[in-house]
Amino acid sequence: MVRYHKWIVLFWIALAVAVRSTAPTWDQVALDGDFDYLPADLTSVAGGRLLNQAFPGERSRSQLVFLLCRDDGELTKQDEILGLDLLRRLYHRLAEASWQRAIRYGYESGPTDPDQPYASWIALTRAALDEAIRTDEAFYDAISESVPDTSPTPTEPRMAIAYWDRGNLLRSLHEPDDAIARDVEAAVVFCPTIATETRPIAERDIDGWDHLIDIWSWNDSLVGGKLRTDQARLVVGRLSTELASTSNIATFEAAGDLIRNTVAYSDRFVEPGVRLHLTGSAAIGGETLSASRDAIRYTEWFTVGMILVLLTLVYRSPLLVMIPIVSIGVALVVASGTMTHLASLSATGALPLPDLRIFTTSRIFIVVILFGAGTDYCLFLIARLREESTIRSWPKACASALSNVSGALLGSALTTIVGLGTLAFADFGKFQSTGPVIAVCLFIALLVCLSLTPAILYWIGPIAFWPMKITENRMPTLTLSGSWKESGGVKSRTWSQIALMLTRAPAMTLGIGMVLLLIPAGYGYVHESDVTYDMSGQLGAKSVTTRGMAALRNHFSIGEINPVTLMMVAPKSLPADDLQQQVKSLSETLYGIDGVIAVRTADDPLGERKRGLFSRDALFRRALRNHRIAQRHFFSDVPEYAGRLIRMDVVLEGNPFDQQTAQLLENLSDRLSSMTNESSGTWTDYDLYLTGTTPSIVDLRQVTIRDNRTIKIAVILAVLCVLVLVIRRIGVSVYLILTVLLSYYATLGLTVIFFSSLYGDSFLGLDWKLPLFLFVILVAVGQDYNVYLVTRILEEQRKGGWLMAVRRSVARTGGIISACGLVMAATFFSMTASAWFPSLIQWMGVAVEQPTTLQGIIQLGFALGLGVLIDTFYVRTILVPSFFAMLGRAA
């Protein structure tokens, strides 16, 4: 390998440059979301497919919630000015999004064809513009006596752009000229420069709003009563994207900008104390993904910084510090670029590849694992080269070091690669793709470390160790304890003493070591399943949406904005009267189920069954049935489902993310399933579907619990096979697996104790992804150091007895394995940097924006770092050497 060192260096540099210049960026091809990657046979997924078929393009999968409230009492009429300003802007955004959607569906101009898919969107565009103008008039009436003396814009003080757009829409629809002229004239009066400041609708940038499909408002003449109290007003923007969709980052940021613009203009008209909050599942998902992006940025920079510091402390040689950094930098560029290339080709179908997907959060694992493991590989190689260079010439030392260490590196890397690869057996699509992607990236890093790194070292020569000197062809003296006098010093003597202590009383050392680790391991085993699926709880208490959710709970039921969608599909079409009667019957049945607080149907869209059929509200109810919300929401125009589909929204008590709400849903599902499974009855042979946030959470919990069991077994068997292949001793391999299992549960227990103490009553549990990723990475990565130590023991054993082999191996590898463990732990701990590093910088007097922290990433980074430290300084230092010392005594 070293013979062609120049060509190897040139090859990797050329490949990195080529990949970097041609590959799409990670953000361009990365996906996100959770519910989109659930197995297709689950109830919530099947229900979502039915909604897409029966209500094409109109399925709401997440919500933006704007809450107007006052800190100190009831809202006044004057306070509503802030809400009206927000609402007129928001309705106009809905009109822009709907019009552009109609254009994508094929609308150009002329009267709409009701059979075309664009017809409903043109109708919604017109309705949204009407609402924007109606709200604008109410807003201006309220501020007419105190309008600021500033130059008019398309949106301030009047929504001139709404009049302008409605005039253009009427012209496109070939409406009467006088109606068009009124709107255009009004727009020009309100903003004389409107024609030059406004682009055609098809050319406007509506980034963040393109998935908005409807608005439910407290100011609506018919449905507003459900969205207002004396203390609060509510606006719900319904979106077609899943709550964890990547596009919700732009939506969250656009909604924040909308609120800031509203407050900047209208806050002067209201008394102090009025608040405008943002929350809802789409906002929570957007802020969560935004926090993930911040965490990735902090992790990348902090990882590089920590490795530079640690390598400087270990080597005190500038070239030896830079060689691993350069090698892993090349590996990261080539690996990430290769993955984005493959993902792009897979998405477009350009190559017959499997469904390869990469995710936003995958990058944080790739960065920390490649820098951590890759630096370890370089450290192992450099340590062996330094050892070999004292007894051989530089060319022979390079060849011998690579030859002797490549087997151990290959074995340790394979445990991680194969362990991560087993995630391909998961049913959850996000697990299924993430594991193999990280495994391929790590394999590329291994190739770099076994080719580029030794080539650079060979090319540079012994000067790589400057300012230290390498004396060639001088055989060091081996002491009785296993240390080498030539490499002496404090570190060597320390590990020599540790090796002697471990081998003098190995049985007692092993017994005490096991007992001390079993205590936290038992706690971790008991609490392994105590995880949370509450995405809203993963954000810090100071986050925008968390504060908004807390305010929302004070005024409304959370379930009101996140109902469960229930659909019953009859085997054949029924007369309208029969279908209506069944809707009423099913509604009454649902009200009798524990936890159901409202049922919204086409007959009762607000879920207020207290209104009597012959009361003075009957006219209200009849009008309500004909309202655009009821028409679009409960009735399907698709012929396949006409007269067959019963759709209703069921509002459950509690937070949609809570386990208690999930239990209520399971009770509801069981009751409905028993009705459809009766041998004879009204609902026999009906197909039942439940979808929405809570059903999706229930299905996500079900599939990930199943994946946890499957993947754990697969990882253990896969890593065991690699260990047996490398070590060729089944008993030893099984023992090494048991040690890392013990380490995993101990780490889990200590992590639960730490975060439950840190967060107190606000601690909801560990993030649901943590146990699986901790298990896979810790079991796989944790074997790296065991493999390196055990292969060295077996190598030394061929030169002498078992006890001496253990002593020599611990003494010779203790320092370098410890350094590698610190590097790996530091890279994992860097995942927590977004939680404390900005505060540290601010404390030092540097102004920096405080990012939103994501508890799931912080918890996982802490757990992985802690687990690696336990593996490095406890398992490898105590449990493994004492076990081999016992074998030596027995032999």
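The values are calculated or read from the model by the stated rules, or taken from the named source; none is laboratory data. Remember, it's a predicted structure, so these values are computed and weren't measured experimentally. Reconstructed Cβ throughout: ideal geometry from the backbone, glycine too, with neighbour counts over all protein chains shown.
Can you pull out the residues in the range 674-704 that are surrounded by fewer than 14 Cβ atoms within 10 Å (Cβ to Cβ) and assigned to a helix (DSSP H, G or I)? Of everything in the range 674-704, just one residue is surrounded by fewer than 14 Cβ atoms within 10 Å (Cβ to Cβ) and assigned to a helix (DSSP H, G or I), namely S674. Can you tell me which condition A780 does not meet? The list is (1) at pLDDT below 85; (2) closer than 30 Å to A424 by Cα; (3) in contact with an Asp or Glu (Cβ under 8 Å, 6 or more places away or on another chain), and all the others hold. Evaluating A780 over (1) at pLDDT below 85; (2) closer than 30 Å to A424 by Cα; (3) in contact with an Asp or Glu (Cβ under 8 Å, 6 or more places away or on another chain) leaves (3) as the failure.
Taking helices (runs of 4 or more DSSP H) as the structural unit, those lying wholly within the range 61-177 and holding at least 3 residues that are acidic (D, E) and more than 21 Å from D257 (Cα to Cα) correspond to 119-143. Could you list, in sequence order, the residues of the range 753-764 that are of a type outside the set (F, W, Y) and under 16 Å from T853 (Cα atoms)? The answer is L758, S762, L764.
Would you mind stating whether D784 is surrounded by fewer than 21 Cβ atoms within 10 Å (Cβ to Cβ) and in a helix (DSSP H, G or I)? No, not satisfied.
Okay, residues lined up against (1) farther than 26 Å from L502 by Cα; (2) acidic (D, E); (3) in contact with a Leu (Cβ under 8 Å, 6 or more places away or on another chain); (4) without any contact (Cβ under 8 Å) to a residue 12 or more places away in the chain:
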| position | (1), (2), (3), (4) |
| --- | --- |
| I727 | no, no, yes, no |
| Y735 | no, no, no, no |
| T747 | no, no, yes, no |
| Q783 | no, no, yes, no |
| V787 | no, no, yes, no |
| I816 | no, no, yes, no |
| C820 | no, no, yes, no |
| M824 | no, no, no, no |
| F837 | yes, no, no, no |
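Among what's in the range 108-129 and is of a type in the set (S, T, Y) and within 16 Å of D210 (Cβ to Cβ), pick the residue that is modelled with the lowest pLDDT.
Checking each candidate, the answer is Y118.
The condition (being among the hydrophobic types (A, V, I, L, M, F, W, C), touching a Pro at 6+ places or on another chain (Cβ under 9 Å) and part of a helix (DSSP H, G or I)) is satisfied by just one residue among A746, A714: A746.
The requirement of being aliphatic (A, V, I, L, M), out of contact with any Phe, Trp or Tyr (no Cβ under 6 Å at 6 or more places or on another chain), closer than 22 Å to S636 by Cα and touching a residue at least 12 places away in the same chain (Cβ under 8 Å) is fulfilled nowhere in the range 129-152; no residue meets it.
Counting the residues of the range 393-405 that are in contact (Cβ under 8 Å) with a residue 40 or more places away in the chain and surrounded by fewer than 17 Cβ atoms within 10 Å (Cβ to Cβ) gives 2.
Exactly one residue out of V321, V304, V326 is aliphatic (A, V, I, L, M), within 16 Å of M831 (Cβ to Cβ) and either assigned by TED's automatic domain parsing to the domain that holds S818 or surrounded by fewer than 24 Cβ atoms within 10 Å (Cβ to Cβ) (or both), and it is V304. Total residues in the range 32-56 satisfying the condition of being in contact (Cβ under 8 Å) with a residue 60 or more places away in the chain, surrounded by fewer than 18 Cβ atoms within 10 Å (Cβ to Cβ) and over 29 Å from S120 (Cα atoms): the figure is 1.
Hey, among D178, D149, D165, which residue is of a type outside the set (A, V, I, L, M), modelled with pLDDT of 95 or more and at negative phi?
On the way: D178 fails: modelled with pLDDT of 95 or more; D149 fails: modelled with pLDDT of 95 or more.
One residue alone meets the criteria, D165.
Out of R622, R600, which single residue is at pLDDT below 85 and within 18 Å of G225 (Cα to Cα)? Walk me through it before giving the result.
Details: R600 fails: at pLDDT below 85.
So the residue among R622, R600 that is at pLDDT below 85 and within 18 Å of G225 (Cα to Cα) is R622.
Summed over the range 561-572, the residues that are in a loop (DSSP other than H, G, I, E, B) and surrounded by 15 or more Cβ atoms within 10 Å (Cβ to Cβ) give a count of 3. With respect to E271, determine if the residue is over 15 Å from L90 (Cα atoms), of a type outside the set (A, V, I, L, M) and either surrounded by 21 or more Cβ atoms within 10 Å (Cβ to Cβ) or in contact with a Phe, Trp or Tyr (Cβ under 9 Å, 6 or more places away or on another chain) (or both). It is false that E271 is over 15 Å from L90 (Cα atoms), of a type outside the set (A, V, I, L, M) and either surrounded by 21 or more Cβ atoms within 10 Å (Cβ to Cβ) or in contact with a Phe, Trp or Tyr (Cβ under 9 Å, 6 or more places away or on another chain) (or both). Checked against (1) farther than 24 Å from S673 by Cα; (2) of a type in the set (A, V, I, L, M, F, W, C); (3) more than 22 Å from the chain's Cα centre (by Cα), M535 meets all criteria but (3).
So, in the range 156-201, of the ones that are among the hydroxyl-bearing types (S, T, Y) and in contact with a helix residue (DSSP H, G or I) (Cβ under 7 Å, 6 or more places away or on another chain), which residue ends up surrounded by the most Cβ atoms within 10 Å (Cβ to Cβ)? Steps first, please.
We begin by selecting, within the range 156-201, every residue among the hydroxyl-bearing types (S, T, Y); these are 163, 172, 193, 196, 198.
When the remaining residues are screened for being in contact with a helix residue (DSSP H, G or I) (Cβ under 7 Å, 6 or more places away or on another chain), the result is 163, 198.
On the way: Y163: 26, T198: 18.
Among residues in the range 156-201 that are among the hydroxyl-bearing types (S, T, Y) and in contact with a helix residue (DSSP H, G or I) (Cβ under 7 Å, 6 or more places away or on another chain), the one surrounded by the most Cβ atoms within 10 Å (Cβ to Cβ) is Y163.
Of note, L239 satisfies the criterion of being closer than 19 Å to W216 by Cα, buried (at least 22 other Cβ atoms within 10 Å of the Cβ), touching a His at 6+ places or on another chain (Cβ under 7 Å) and not hydroxyl-bearing (S, T, Y). Within the range 356-366, the presence of a residue that is over 25 Å from the mean Cα position of the chain (by Cα), modelled with pLDDT of 85 or more and of a type in the set (V, I, T) is excluded.
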